Amino acid sequence: MHHFRYTGNELHCESVTLAEVARLYGTPTYVYSAATMADNYTRLARSLSGLDVQVCYAMKANSALAILRHFANLGAAFDLVSGGELRRVLAAGANVKRSVFAGVGKTNEEIELALRSGIFSFHVESEPEMARINHVAGRLGFKAPIAIRINPDVDAHTHAKITTGKSDNKFGIPLKVAGAAYEAASKYPNLHIKGVQMHIGSQLTDVAPFVEAVRKVSPFVADLKARYGIDYFSIGGGIGIVYRDALASGSAEWWDAQPAGQRPLTPEAYGAALVPLLQPLGLKILLEPGRFLVGNAGVLLSRVEYVKRGSAKNFVIVDAAMNDLVRPAMYDAFHEIVPLHRDTSRAAMVADIVGPVCESGDCFAKERSIQQLGEGEYVAFLSAGAYGYTMASRYNTRGMAAEVLVKGSTFELIHDRESFETMIVNEHVPAFLK
């Protein structure tokens, strides 16, 4: 559930009229709901009551400093995948002493930064990485905390580009050889084996793959506890969100109306299925959610520039583009698109909703039904809080969008719209061309 809804005919984020945000800060602009993030975090943590849980927000989903500070205030640690993300956590006024460092390509510099910052644990993806962490830790006089990422070869039944737990994915070490990897790790003098980790994919809408993975890996985890005294098991993230019917899904009534067996995965159902499997292990359980915490907590506001009517097709051309929200172009992802001002007296139109970038791939929706729109009116792309701004680019020399955070009836700019001058500040024309 979330805090985006129509009050009268105006779309609101919590108690703020989104059209007011668009008029004040312009478009494209991302708007985030602090209350939605807090609710998502609280529901997920409560769903695992009875376990010693450490929630590490997977900040690749949305790494705005204000959002990191918000989650730190709620009690979250962080799941990091780069030195830059680690520095963002520190810049947000949080610490990394309860956070984990994942990713398949950690550099010497990133490993050193994490060790000096007191990282809770490295999630090791390969045996060569294990050797490198040992070497860097030895040079610095550290004992590096590690957990090996296990690839359980479980099909998450999600998009091919975001599945991570199959044997042909680049992530982790296969379960069948993981015992040998831990044996090798135990012989390195500068490593401290702390736990075990897995993550099977993103945007899972069924609890069954999570259950299969935990059941498959749990006997191995219990054996590691007996052999090496590990103290935690990280089960990754991956809980999906609602993209279709996204606006309606903000209400409890919508969830209650979903037919049995078709209701999207909830934190409560997730916890009910996994807690009984995890409790017997007697370990701290780490969780690394990203999209679930922020996905439905954000929208992208955009302005209609032109309505182009043709004999075969209509186009609504907006000022947001694939550089602002790449998911539709990259993943064929669906985002619900709604007007900020709802007018039920208008007839619906069917149109492709597209951006101004000079590519046919710059299309947010094909043959989408939406109320008749005119130039200068505003729309919102829903469920855009995850993998929106963090995957954005400056393609076509388009500056990065603004970002705004809402809390109750107040809102504040948390990231200025990028100016042209800022875009080119680090570029130089060499002397031999002058």
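Bear in mind that the values in this text are calculations on the coordinates, not laboratory data. No experiment lies behind these values; they were computed from the predicted model shown. Methodologically, a virtual Cβ is constructed for each residue, glycine included, from the backbone with ideal geometry; neighbour enumeration extends over all protein chains shown.
Here are the numbers for the structure shown:
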| read-out | value |
| --- | --- |
| Loop-located trypsin sites (Lys or Arg not before Pro) in segment 281-383 whose Cβ has at most 12 other Cβ within 10 Å (DSSP) | Lys313 |
| Distance between modelled label sites at Asp343 and Ala131, nm, 7 Å Cα→Cβ extension | 6.8 nm |
| Net charge of Cβ neighbours under 13 Å - reference Pro280; Lys, Arg +1; Asp, Glu -1 | +2 |
| Per-peptide average of other Cβ atoms within 10 Å, ordering 200-211, 417-428 highest first | 200-211, 417-428 |
| Identified option (computed Cα extents along the principal axes in Å; candidates (1) 70, 70, 41; (2) 69, 52, 42; (3) 66, 53, 49) | (1) |
| Gaussian network model of the chain, Cα within-10 Å springs - most flexible of Phe381, Phe315, Phe101 | Phe315 |
| For a label point 7 Å along the Cα-to-beta-carbon line of Trp254, residues of segment 40-54 with backbone N under 20 Å | 40-44 |
| Amide H within-cut-off set for Phe120, under 5 Å, with H built and near neighbours excluded | Arg98, Ser99 |
| For the chain, calculated [θ]222 nm from helices alone, where every DSSP H run of n ≥ 4 adds -39500 (n - 2.57) | -8500 deg cm²/dmol |
| Cα lying deepest toward the dipole's positive end in segment 296-423, options Val318, Gln371, Val404, charges on Cβ | Gln371 |
| Cα long-axis angle, helix 267-278 against the chain (0 to 90 degrees, to the nearest 10) | 10 degrees |
| Rounded tilt (10° steps) of 108-117 against the dominant C-alpha axis of the chain | 80 degrees |
| Furthest towards positive pole of dipole, His12, His123, Asn73, structure part the chain, Cβ charges | His123 |
| Whole-Hz ³J(HN,Hα) from phi, Karplus 6.51 cos²θ - 1.76 cosθ + 1.60, for segment 21-36, glycine and proline x | 4, 4, 5, 6, 10, x, 9, x, 9, 8, 10, 10, 9, 5, 5, 5 |
| Cα shape, segment 13-106, gyration tensor, a/c 1.5 rule | oblate |
| Nearest-20 debye value, the chain charge dipole, Cβ charges on Lys, Arg, Asp, Glu | 940 debye |
| Local net charge near Gly84, Cβ-Cβ under 15 Å (Lys/Arg +1, Asp/Glu -1) | -1 |
| Helix 65-74 vs. the chain, principal-axis angle (Cα, 0 to 90°, nearest 10) | 60 degrees |
| Interchain or long-range residues, amide H under 5 Å from Ala58's placed H | Asp79, Gly290 |
| Table column - 3J(HN,Hα) (Hz), segment 221-226, Karplus curve with 6.51, -1.76, 1.60, x for Gly and Pro | 4, 4, 5, 5, 4, 5 |
| Burial order of peptide ranges 263-273, 9-19, 183-193 (average beta-carbon count within 10 Å, highest first) | 9-19, 263-273, 183-193 |
| Note, ³J(HN,Hα) from phi for segment 135-141, Karplus 6.51, -1.76, 1.60, rounded to Hz, x at Gly and Pro | 5, 5, 4, x, 4, 8, x |
| Rounded to 5, the percent of DSSP beta bridges in the chain classed as antiparallel | 50 percent |
| Cα-projected label distance for Ala431 with Ala208, points at 7 Å along beta-carbon direction, nm | 6.8 nm |
| At R0 = 22 Å, FRET efficiency that the Cβ-Cβ distance of Lys143 and Ala226 yields, to 0.05 | 0.55 |
| Cα shape, segment 296-423, gyration tensor, a/c 1.5 rule | oblate |
